[in-house]
Structures are given as C-alpha cells and as structure tokens.
Amino acid sequence: MANFNIDATQQRTFQAIVIGSGLSGSWAAKELCEHGVKTLVIERGREVKHLRDYPTTNMLPFEFEHRGQLTKQIEEENPVVSKCYAFREDAMHFFVKDKEHPYIQEKPFDWIRGYQVGGKSLLWARQVQRWSDFDFEGPARDGFAIDWPIRYNDIAPWYSHVEKFAGVSGNKDGLPNLPDGEFLPGFELNIVEKYFQEQLKKHYGDSRHMILARCAHITGNLEYYKQQGRLQCQSRNLCQRGCPFGGYFSANASTLPWAERTGNLTMRTDAVVHSIIYDEAKGKATGVRMVDANTKQTEEYFADVIFVNAAALNTNLILLNSTSNRFPNGLGNDNGLLGKYVAFHNYRAGISAEYEGFADYTTQGGRPTSGYFPRFRNLHKQETDFLRGYAAGFSAGKYNYADQSGIGLSLKEQLLNPSKYGNWTVGSHMMGETIPKESNLVTLSKNEKDAWGIPLLSVHVEYDDNDEKMVKDYQEQMTEMFEKAGFTNIRVRDDHRAPGLDIHEMGGVRMGKDPKTSLLNKNHQLHACANVYVTDGACMTSTSTQNPSLTYMAFAARAAHHAMKNQRWGKI
Amino acid sequence: MQRREALKSLAVLTGGAILVPSCNFEKEEILAAYSNLKVTPAQQSLLAQIADTIIPPGKLKGAQDLAIQDFILVMVNDCVAQTGQTQFTIGLQAFNSFSKKKGGKNFSKLESTAKEKVIAEGLSIGAETTDENQKAVREFLSITKRFTIQGFMMSQYIMTEIKPYNLIPGSYNGEVLISSISNMKIDG
C-alpha cells in the first residue's frame with residue numbers, strides 16, 4: 001500500500017498546474033508545454049475536442065427545430081444566460097445553464113459562463129485591441145484604483161508573440177492610443193463606413209477615429225497556420241458553434257492541441273477545483289484540491305507552480321476558498337482586498353440611425369468583424385465631469401427584404417424575389433471603462449454550497465454616477481457625430497442591462513507595486529505566495545475600454561516565461 | 001430532431017393521437033406532441049389548409065406540400081408566450097364559424113379564391129374590435145402567417161433546391177452596385 005501511495009503521489013505530481021483551459025489558461029499551458037514543462041491542465045467542464053465536439057457547426061438553418069430560436073421553456077429556466085446574444089439554439093450547449101451553477105446576486109449581475117475545455121474561447125467575439133500607456137497610466141494619472149506595476153513596453157513583445165500565433169487580422173492605423181500589432185490582412189470597411197471615417201476627419205481632424213476592428217481571424221500567412229491545423233477564415237459568421245476551419249482563435253483549435261502535441265500536457269477534465277493547497281513549512285503552494293464533477297470524490301494534485309486561470313470571478317472564488325492557518329481569509333489575502341475592486345465594461349448605451357446616401361450600393365458576403373472607435377474622451381487630459389471614457393463598435397449595413405403583404409401566389413412570389421432595399425442602417429454600442437471600487441466585490445456565501453461542496457459566490461457589483469454620466473456623454477457625442485455625418489432617424493438607447501452581460505468582468509486579485517494595496521506583483525505572482533500566478537481577468541487593476549482577452553493571453557504567456565526562468569526550467 | 005423521432009414512434013403507437021378526457025368528460029383526440037395547445041387532428045388539417053392558402057402550390061411546392069402546419073404547431077407550442085398560445089388556440093377553434101360567417105361554408109368547402117378572401121378578411125379585423133373571438137381569429141391568423149412565411153422560406157426544399165443556402169457566404173464586398181446584382185426571377 002505504501003508503495004502504491006508513493007506511486008499515486010508521483011503520478012499526481014507535475015511541474016506546473018494550470019487551473020482552467022480557456023483563453024488565458026491555454027496560453028499558459030501552451031508556453032509551458034512547448035518549453036518542456038510537464039503541465040497538468042484542470043478543467044471543471046467536459047472535453048470539447050476541436051472538430052469532433054462541434055455538433056452544430058455544419059448544420060443548415062432548417063436542421064434546427066426552432067430555426068435558431070430559444071424555446072419559452074429554456075428562456076424561463078435560464079433568465080440570466082438567455083440575455084446573452086450568442087445563447088441561441090445553435091450554441092446553447094457551450095453555455096452554463098442558470099440552474100446548473102447557481103450564484104448569489106446581491107445586486108443584479110448577469111454572470112455568463114462556459115464550463116468546458118476551451119471555456120469561453122469558443123464563444124468570444126474575437127475582438128483583440130491592444131492597450132497602450134494611455135490605458136496603463138490611467139489610474140495613476142486620474143487618481144483612482146492603484147498604479148499598474150507594468151507599462152506598455154513590458155507587454156508589447158508578448159502582444160506580438162500572441163498575435164502571431166493566434167492570427168490577428170487588422171490594419172496598421174498608426175494610432176498612439178491603440179498600438180498597431182502583427183497583423184494579417186484586414187477585412188474591408190464598407191462604403192458607408194469609409195464615408196463616416198472621412199466625415200470624422202473633416203469635423204474632428206485627428207482627434208476622433210473610426211477604424212477596422214482587429215479580430216482574431218486568419219486572413220493570411222496560411223502555411224504558418226497549417227502547422228496548427230488551421231485554415232483561412234471563411235467569413236461564415238457562425239463562430240459560436242466552433243469553427244471547422246479553425247478560422248478564429250480558440251483554445252480548442254489552437255493552443256491546446258499545440259500543447260498536447262509536445263507530449264508534456266496532461267488534461268484532467270470534469271474536475272472542479274476546490275482550493276489551492278498551501279504548505280506552511282515550505283511557505284508555498286504545493287498543489288490543488290479538486291472534486292470530480294461526476295463522482296464527487298476529492299483528489300489532490302501537486303506541482304511547483306500553479307497558474308489560476310479559472311475566469312475572473314471563479315479565480316477569485318478559488319483563492320477565497322483556499323484557506324489555511326497562514327491565510328485564514330484566502331490565499332495571499334493579507335490585506336483583505338481579495339475579491340474587491342471588481343470592475344467591468346459598461347455596455348448599456350447604443351445608437352442607431354439611417355443614411356440615405358449611397359442608395360445605389362449594398363454589400364455582399366460575410367465579415368466577422370466591424371468598425372471600432374478607440375477611446376477619444378479624456379484621452380490626453382481630463383475634459384469632462386466624469387473619469388475616463390469609452391470605446392465603441394460601429395457598423396453600417398444594407399438589407400434586401402421582401403414585401404410580406406397579402407397572401408396567396410402574389411405573396412409567394414414577393415418572398416422568393418426580395419426586391420426592396422431600405423436605407424443604409426448605421427449603429428454603434430458603447431464599451432465604457434468602469435472605475436474599480438472597494439464596494440464592488442465578490443465574497444463566499446457563509447452557508448450556501450454548490451453540488452461539489454464549494455461555497456457559492458456572492459456578487460455585489462453595481463454602476464455608479466461616473467457610469468451614468470458616461471452613458472449620457474456617449475449618447476450625446478455619438479448623436480453629434482451622426483448628425484454631422486448626415487445620418488437621419490437617430491435613436492439612442494440605454495438598455496439598463498445589469499453588469500456582467502458585457503462578459504468583461506475583471507479584477508478582485510489586482511496587480512500592483514505594493515503588497516499593502518494589491519494581491520499580485522508585476523509578474524502576476526501573489527505577493528504572499530510567489531509560486532501562484534494569476535493571469536486571467538482577475539488580475540486587472542483597471543479595465544480601460546479594450547476587449548480584454550488579448551491582454552490576458554499576453555499576460556499568460558509572459559507570466560509562463562517568468563515562471564520558467566524563475567524555476568530554471570525548460571529551454572528558454 | 002428528437003421531436004421528429006418522438007413523433008414517429010408516437011404515431012406508430014397511437015396513430016398520431018392520444019385520447020384524453022376533455023372538460024365535458026367526452027373523449028376527444030388531442031395531438032400529444034403539442035401539449036400546450038390541445039390541437040385535434042381535424043384542427044391540424046384545417047391549419048394545413050390555411051397555411052396552404054397563405055402560400056399555395058404553383059410552379060413550386062406550397063405550404064402543405066412541405067408540412068408547414070407541423071412547423072407552425074412546433075413554434076407556437078414551444079416559442080410563443082402563453083397569451084399568444086391561448087389566442088392561437090381560441091382563434092383556431094373559432095375559425096370555421098368565422099369562415100361560415102364570411103364565406104358561407106366551412107373553410108375546407110370553399111373555393112380557393114373564397115379561402116383567400118376569408119383569410120384576408122380575418123387578417124384585417126380592426127384593432128378596435130371588442131369581440132373576443134374576432135380578436136383571437138386575427139391573432140391566430142397573423143401568427144399563422146408569420147410562421148408560414150418562416151417555415152416556407154427556411155424549409156429544406158427552398159434552402160436546398162430553390163435558393164440554396166451557403167454556409168460559406170463568400171468574402172466581403174462593401175461596395176456593390178445594386179444594379180450589378182443579377183437576380184433571376186423565381187416564379188412561384
């Protein structure tokens with residue numbers, strides 16, 4: 001028996017453990033495995049193999065019983081996840097259903113999750129904009145949160161590293177606030193979007209820009225991506241089903257199979273992490289305690305280094321639940337700030353309008369991205385009565401539709417021969433920076449536990465006055481720009497959505513220079529437990545406005561290399 | 001897809017219908033697959049004729065050829081809110097008496113032009129009407145028309161044989177002259 005136990009422990013011992021197989025975790029795993037580090041990836045959900053486990057990917061519209069629509073029953077059973085735009089008949093199997101994984105909403109919070117191998121990387125909107133020092137220097141300049149311990153120069157080479165491998169399509173726009181990267185050819189802006197670009201130049205000079213959004217899709221360098229088994233994006237716009245071409249970046253299509261090929265990756269799926277094991281004598285974390293999702297049996301795995309990439313709020317949950325004599329309030333939580341300063345992106349406002357020009361023109365084909373407004377508000381100096389600003393999506397489209405009046409043969413012919421074109425429609429949505437506050441936080445429920453004996457997460461996150469002012473400013477500024485461009489029938493909206501539906505929740509384990517006011521150092525190590533790294537959304541000190549996934553991936557790659565140097569591992 | 005399988009096996013077992021007691025303790029047939037609607041086979045057949053009047057056969061197949069009535073029932077049963085389902089059911093039940101009033105006969109006995117006229121009249125019942133049955137007939141017909149159009153245009157027949165749907169739509173062109181797009185006229 002003794003021998004058996006020793007063997008069992010050896011079999012359960014790795015050099016590195018990565019908790020979470022999504023976007024950021026898979027990047028840590030890829031870097032580690034590629035450099036010879038024996039790595040265990042623990043995933044709480046089921047296996048989803050590229051190609052094999054995309055059951056709907058090639059289904060035609062008529063093959064969906066409800067032609068894509070959700071049933072009332074599913075909507076009623078899932079009031080939270082049903083709000084997500086991508087939760088439809090073709091992709092609902094990749095989302096967590098409300099009843100399966102309850103959480104406590106102290107304030108309304110729509111927590112959208114994907115518990116499977118690859119996590120939400122199968123479902124993301126694939127927008128990848130770099131941060132610049134206008135973002136990293138935000139808290140220090142404007143006096144909120146704490147100063148980031150890193151700057152653009154620290155992360156720029158890692159952005160390049162990630163962009164090259166993931167495949168990013170975009171244009172070199174030469175904007176200091178949205179640095180250029182390693183881009184494959186960009187998709188096309190349409191005639192009205194280009195017109196709007198010119199109008200902005202005419203009315204605002206160089207102070208406001210609308211560019212092609214950079215997106216993680218393969219549009220060139222095809223031989224290189226063949227090594228990953230990935231092909232050119234075919235503009236299907238069915239990404240949320242999983243892509244049979246591997247045309248967009250997902251952990252499933254890219255980083256995980258790459259890591260697997262090295263022979264250094266071990267995957268443990270259906271394993272819910274309970275906590276990280278801390279050894280007081282050694283003064284470091286030694287492993288991970290997990291519960292088998294199906295058998296509910298507890299198992300322990302051991303490693304020299306642990307990466308926590310469980311997705312922002314679940315990373316908070318795991319650390320809060322990792323208690324010991326040394327850390328009674330959660331791993332690394334000497335200052336009591338773990339779980340606090342959670343923030344997100346404010347997606348409440350939008351605008352739509354029409355344009356009567358270019359009436360003779362339309363578009364054809366598909367495009368997996370759209371236009372993008374980098375932040376222009378308070379960019380160089382404070383100019384409004386609220387802090388920071390917003391980025392925005394922008395797109396124009398033209399639709400061919402059929403006259404649906406009448407019945408009988410005339411209706412049938414109208415439907416088969418759609419002949420009507422409306423005006424161009426133009427629209428935009430805001431992506432506002434929110435200010436991290438101590439009062440926006442997550443905690444563990446004292447008495448409610450999930451099916452695996454883990455305390456439920458209790459979420460207390462809400463908007464503040466700064467957000468309200470920003471919604472108003474977005475509506476005013478966009479209206480002004482739309483009017484100047486000659487757009488008509490302008491309608492602004494504020495859908496008052498709860499935080500969370502942006503699916504950009506961040507923070508709780510923030511980075512900083514000072515252990516008194518932050519949890520992580522500049523290398524993503526817990527100040528108080530240096531062999532634990534956090535590189536997902538939980539590490540964010542502030543949110544800025546960019547879609548954050550690219551930054552998490554770059555952080556994960558950078559931190560993995562730091563760990564390897566520190567441990568004198570691998571062939572770096 | 002599962003429902004189709006379930007329906008098939010149900011059909012084998014029961015001939016497509018099951019017997020359930022109704023309010024007045026008489027037994028009537030109810031189609032088990034649409035449990036929220038309590039639709040009889042006779043009503044299903046009436047619905048098929050209504051859909052087929054909205055999109056009739058011609059050079060191309062019509063609604064009934066494509067069993068659009070089953071799609072309508074699936075959608076109303078599964079995706080329409082309860083108030084809409086109630087209006088749909090009442091309107092379907094009341095439709096033959098509406099047909100008698102407007103066309104002089106049960107719907108199935110009418111000539112096709114008369115059928116079109118009855119449906120057109122039903123769809124144009126004014127919003128101001130206070131007659132609950134009239135309201136329900138209008139609501140029933142407008143739901144039926146909506147799903148007939150969707151079911152027809154998104155049918156396998158249309159999307160493979162008539163206007164083939166392409167999973168790969170082709171690369172984006174953001175500046176296409178509408179006049180340059182050649183559209184072959186499709187005769188219905």
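The values are calculated or read from the model by the stated rules, or taken from the named source; none is laboratory data. Being a predicted model, the structure only gives us computed values, none of them experimental. Heads up, the Cβs are rebuilt from the backbone with ideal geometry, glycines too, and the neighbour counts pull from every protein chain shown.
Things to note:
- Residue match in the range A:354-377 (condition: touching a residue at least 40 places away in the same chain (Cβ under 8 Å), more than 30 Å from A:Ile191 (Cα to Cα) and buried (at least 20 other Cβ atoms within 10 Å of the Cβ)): no
- Matching option when the condition is more than 30 Å from A:Ile146 (Cα to Cα) and in contact (Cβ under 8 Å) with a residue 24 or more places away in the chain, among A:Val426, A:Val442, A:Val459: A:Val426
- Leading residue by the ranking (nearest to A:Ser419 (Cα to Cα)) among those in the range B:164-180 that are within 33 Å of the chain's Cα centre (by Cα) and either surrounded by 15 or more Cβ atoms within 10 Å (Cβ to Cβ) or more than 7 Å from every other protein chain (Cβ to nearest Cβ) (or both): B:Pro164
- Test: residue in the range A:95-105 that is within 30 Å of A:Glu182 (Cα to Cα), crowded, with 18+ Cβ neighbours inside 10 Å and under 16 Å from the mean Cα position of the chain (by Cα): no
- Answer residue from the range A:415-460, given it is part of a loop (DSSP other than H, G, I, E, B) and among the small types (Gly, Ala, Ser) and is farthest from the other protein chains (Cβ to nearest Cβ) among those: A:Ser439
- Residue within the range B:134-144 that is touching a residue at least 60 places away in the same chain (Cβ under 8 Å) and facing chain A (nearest Cβ under 8 Å) present: no
- Residues that are part of a loop (DSSP other than H, G, I, E, B) and buried (at least 19 other Cβ atoms within 10 Å of the Cβ) were ranked within the range A:68-83; the one that is nearest to the other protein chains (Cβ to nearest Cβ) is A:Asn78.
- Any hit, the range A:247-262, residues being within 14 Å of chain B (Cβ to nearest Cβ) and of a type outside the set (S, T, N, Q): yes
Every residue, every condition in (1) part of a helix (DSSP H, G or I); (2) at pLDDT 95 or above; (3) surrounded by fewer than 18 Cβ atoms within 10 Å (Cβ to Cβ); (4) in contact with a Pro (Cβ under 8 Å, 6 or more places away or on another chain), yes or no:
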| site | (1), (2), (3), (4) |
| --- | --- |
| A:Met481 | yes, yes, no, no |
| A:Arg491 | no, yes, yes, no |
| A:Ile503 | no, yes, no, no |
| A:Pro515 | no, yes, yes, no |
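- Reported count of residues in the range A:176-196, each being more than 8 Å from chain B (Cβ to nearest Cβ) and closer than 15 Å to A:Gly357 by Cβ, is 3.
- Scanning the range B:73-103 for residues that are within 28 Å of A:Gln69 (Cα to Cα), among the polar types (S, T, N, Q) and more than 11 Å from chain A (Cβ to nearest Cβ) gives B:Thr83, B:Thr86, B:Gln87, B:Thr89, B:Gln93.
- Every residue from the range A:343-353 that is over 20 Å from the mean Cα position of the chain (by Cα) and either surrounded by fewer than 19 Cβ atoms within 10 Å (Cβ to Cβ) or not small (Gly, Ala, Ser) (or both): A:Ile351, A:Ser352
- Top-ranked residue in the range B:104-133 [being crowded, with 19+ Cβ neighbours inside 10 Å and within 22 Å of B:Leu60 (Cα to Cα); ranked as farthest from the other protein chains (Cβ to nearest Cβ)]: B:Lys115
- Sole residue being facing chain B (nearest Cβ under 9 Å) and within 30 Å of A:Thr545 (Cα to Cα), chosen from A:Lys412, A:Lys398: A:Lys398
- Among the residues of the range B:69-100, those that are among the hydrophobic types (A, V, I, L, M, F, W, C) and either in contact with a Leu (Cβ under 7 Å, 6 or more places away or on another chain) or under 22 Å from B:Glu121 (Cα atoms) (or both) comprise B:Ile72, B:Leu73, B:Val76, B:Phe88, B:Ile90, B:Leu92, B:Ala94, B:Phe95, B:Phe98.
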